[in-house]
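What follows draws every value from the coordinates through simple rules; no lab data is involved. Everything numeric here is computed off the predicted structure, so don't read it as measured data. Note: ideal-geometry Cβ built from the backbone for every residue, glycine included; neighbour counts use all protein chains shown.
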Amino acid sequence: MRKDRSRTETEIPLHLLPLAIARRIREWGDAVYSISVRRTHWHHYNVTVRTRRIPKELAPVQVAVLDVLPGASVPKKHHAARKGRGCAA
């Protein structure tokens, strides 16, 4: 069974709403289920972000990165022709 999770921030000024929503999403890091923004007074708002866990089948997986094998020859560019030019090109 999946459990919904929610977090609420209160008294957020209008110009900081995008930052507050982004902070809540980043904090939980799961799939966003709903975002609720309610005006309290003047230009202040309450923000509630509800998230749901990502199913195991769709969750990101860490992938191993393989380096070049030791001893394998890697082709290098020949820089001898550029050496005598006197410029970086």
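Quick look at the numbers
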| read-out | value |
| --- | --- |
| Length released on extending from THR48 to SER36, taking residue separation times 0.36 nm less the Cα-Cα span | 3.8 nm |
| Table column - 3J(HN,Hα) (Hz), segment 14-23, Karplus curve with 6.51, -1.76, 1.60, x for Gly and Pro | 4, 6, 9, 4, x, 5, 5, 5, 4, 5 |
| Placed amide H near ILE54: partners under 5 Å, 5+ positions off or other chain | ALA31 |
| Shape call, segment 3-60: gyration tensor on alpha carbons, a/c limit 1.5 | prolate |
| Most to least packed among 53-63, 10-20, 39-49 [average Cβ atoms within 10 Å] | 39-49, 10-20, 53-63 |
